[in-house]
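Engineer: First the structure, then my questions, so here it is.
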Amino acid sequence: MPAIVSSVVEGSIADELSILSGDEILSIDDTKMQDMIDYNFLCKSELLNIEIKKANGDIEVFELEKDYDEDLGIVFESAVFDKVKPCLNHCLFCFVDQQPNGLRDTLYIKDDDYRLSYLQGTYITLTNLKEEDKERIKRMHLGPFYVSVHTTNPELRVKMLRNPNAGKALENLKWFRKNGIPFHAQIVLCPGLNDGDELERTLSDLAKLKNTVLSVAIVPVGVTQFRKENLKQVDKECAIKTLEIASKFKKVCCSDEIFLLAGQKIPESKYYGNFSQLDDGVGSIRFLLEDFKAYKLPKKISRPYKIAFATSFAAKYAMDKIAERLNKINNLSVAVCPVKSDYWGEKITVAGLITSDDLIKTVKDIDCDKVFIPSVMLKPYTEDFLDGKNLSYVIDKTKKEFFVVKNIYSVKEVVDFISNL
């Protein structure tokens, strides 16, 4: 994909140059860019020569002077300007492979691109990492990366990822260590495969890489009713054993779901360090609760008002505690309504996989003035659910008013809304 402009920041250099959505940045200082890494590097200059192809086909060249660290204010359609490096694995536990037909096209895309890992925090397996990729990473000293390790046992990793190159994981991670390239590690826990002694082996190997490993996240495998492979779900016994093993190592954190499955309390903030892997469900409940504590709530609102939090079962622990405090506000009534996933199966409990029809079933008969949902239920920058239906469809079927909370890890929007009632 070329370097196509999606939008520009109002008042920025790009805005002053009349760069518009649909324009293409052909080069900076006569250098064609592969990705945002090149773009960011080339923009670290006080004098720039930018060649642009306008949406109508005209070519324009700008010479400009700016501060060294001043941003141009360009938002691109994609973080990479050539072809995204595809995933070459066929993992036993891959969520993409088990999806049924008929969902959004983007949900079937499998990337394994070190550039997106560096720029956006996506997880990579390193199975398609070439020597020229390593050379660029070393030369530009890129990092940190987010690596799906799963296991350091070469034979087991080949079996789990179903890729003969998968056995080189530890070799690549040692190369990271040698060249001072930091990374965050992820382990998708599959009972009977990489748990127990195998998990302890993996964590021991990662510990030997010392400060190159910034954090290790252990998350349970997701098993839907569409999965063909006979994978076991993490149960209470497995969760308890996993927490016991993880406690022996530094910088290793288990996901919130593992604590809930084990029947244990969510740890305090200290356990999660810098909350490095929030998007993997590691510490999101604690982060949400701590964020909520920071806000002063009104003692009463001007009129009776009922709110329903349509949430996932995974977030119910946190939302129950938040609702308990909100219900102390005079005239306010708050209910927590976890959405059962009939579409994926009851074992899937995260908000990002909630479909429109499952949401409708949950909220249609609820007595409330407003239904709050997290934006993670929707495709970014749209009102589309993953099943292709949109929020207007849900509104029409439920006759309810909805409030989309933009940031799933912040309750500021909720508190502001209530304070203004």
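Engineer: Find the percent of Cα-Cα distances in the range 178-287 that exceed 22 Å, and round it to a whole number.
Structural biologist: Working: 1805 of 5995 pairs.
The proportion of pairs with Cα distances above 22 Å equals 30 percent.
Engineer: So, in nm, how far is label residue 299 from label residue 21 when the simple model puts each one 7 Å beyond its Cα toward the Cβ?
Structural biologist: 4.8 nm
Engineer: Here's another thing I want to ask about it. Around residue 111, which amide H atoms from residues at least 5 apart in sequence, or from another chain, sit under 5 Å from its own amide H, with H modelled in the peptide plane?
Structural biologist: 87
Engineer: Volume per residue, Å³, of the convex hull around the alpha-carbon atoms of the chain? Please list the in-between numbers first.
Structural biologist: Working: hull volume 71.7 nm³, N = 421.
Hull volume over Cα atoms, normalised by residue count, gives 170 Å³.
Engineer: Now, a different point. Given the options 8, 56, 20, identify the residue whose Cα lies farthest towards the positive end of the charge dipole of the range 5-76 (+1 on Cβ of Lys, Arg; -1 on Cβ of Asp, Glu).
Structural biologist: Positive-end residue among those listed: 56.
Engineer: Toward the positive end of the charge dipole of the chain, about the Cα centre and with charges on Cβ (Lys, Arg +1; Asp, Glu -1), which of 176, 262, 284 goes farthest?
Structural biologist: The listed residue farthest towards the positive side: 262.
Engineer: Please report, in whole Å³, the volume per residue of the convex hull around the C-alpha atoms of the range 291-419.
Structural biologist: 98 Å³
Engineer: Could I ask something else about it? Quick check for me: using +1 on Lys/Arg Cβ and -1 on Asp/Glu Cβ, what's the dipole size of the chain about its Cα centre, in debye to the nearest 20?
Structural biologist: On the way: 58 positive and 64 negative charges, 462 e Å.
Magnitude of the dipole: close to 2220 debye.
Engineer: Between residue 30 and residue 54, what is the label-point separation in nm under the 7 Å Cα-to-beta-carbon projection?
Structural biologist: Each label point is offset 7 Å from its Cα along the Cβ direction, giving 2.5 nm.
Engineer: For residue 211 and residue 420, what is the calculated FRET efficiency with R₀ set at 45 Å and r taken between the beta-carbons, to the nearest 0.05?
Structural biologist: With R0 = 45 Å, the Cβ-Cβ based efficiency is 0.45.
Engineer: Show the residues, 5+ positions off or on another chain, whose built amide H is closer than 5 Å to the amide H of residue 334.
Structural biologist: Correct list: 307.
Engineer: May I pose another question? Only Lys, Arg, Asp and Glu count, each charged at its Cβ (+1, +1, -1, -1), so figure out the dipole size of the range 306-357 about its Cα centre, rounded to 20 debye. Mind dumping the intermediate values first?
Structural biologist: Working: 7 positive and 5 negative charges, 53 e Å.
The calculation lands at about 260 debye.
Engineer: By counting other Cβ atoms within 10 Å of each Cβ, how are 62, 183 ranked from fewest to most?
Structural biologist: Details: 62 14, 183 26.
So the ranking, lowest neighbour count to highest, is 62, 183.
Engineer: Right, something else. Hey, if you put +1 on the Cβ of every Lys and Arg and -1 on every Asp and Glu Cβ in the range 291-419, which of 297, 398, 356 ends up farthest toward the positive end of that dipole?
Structural biologist: Going by the charge dipole, the pick is 297.
Engineer: Between 29, 342, 357, where does the largest GNM mean-square fluctuation fall for the chain, given springs only between Cα atoms within less than 10 Å?
Structural biologist: 29
Engineer: In nm, to one decimal, how far is the modelled label at residue 4 from the one at residue 367, with both set 7 Å along Cα→Cβ?
Structural biologist: 5.1 nm
Engineer: Next question, about the same structure. Could you give me D for the range 96-282, from Stokes-Einstein at 4 °C and 1.567 mPa s, where the hydrodynamic radius is the Kirkwood radius over C-alpha pairs? Units µm² s⁻¹, please. If you can, show how the numbers build up before the last one.
Structural biologist: On the way: Rh = 17.2 Å.
Reported coefficient: 75 µm²/s.
Engineer: Which value in deg cm²/dmol, rounded to the nearest 500, describes the helix-derived mean residue ellipticity at 222 nm for the chain, given -39,500 (n - 2.57) per DSSP H run of n ≥ 4 and division by the residue count?
Structural biologist: Details: 14 runs with 120 residues, N = 421.
Mean residue ellipticity, 222 nm, calculated: -8000 deg cm²/dmol.
Engineer: Just to verify a number: FRET efficiency for residue 399 and residue 331, C-beta to C-beta distance, R0 = 22 Å, to 0.05?
Structural biologist: Working: r = 23 Å, r/R0 = 1.06.
Step by step, r from the Cβ atoms, then E = 0.40.
Engineer: Just checking the chain: which Cys have no other cysteine's beta-carbon under 4.7 Å?
Structural biologist: Here 43, 87, 190, 238, 253, 254, 337, 368 come out as lacking a disulfide-compatible partner, given the Cβ-Cβ threshold of under 4.7 Å.
Engineer: Ok, one more. In straight Cα distance, which lysines are under 25 Å from residue 210, not counting same-chain residues fewer than 8 positions off?
Structural biologist: Within the straight-line limit of under 25 Å, residue 210 reaches these lysines: 130, 134, 138, 168, 174, 178, 241, 248, 250, 251, 270.
Read the figures in this text as sums done on the coordinates, not as results from a lab. Everything quoted here is computed from the prediction, not taken from an experiment. So basically every Cβ, Gly included, is an ideal-geometry build from the backbone, and we count neighbours across all protein chains shown.
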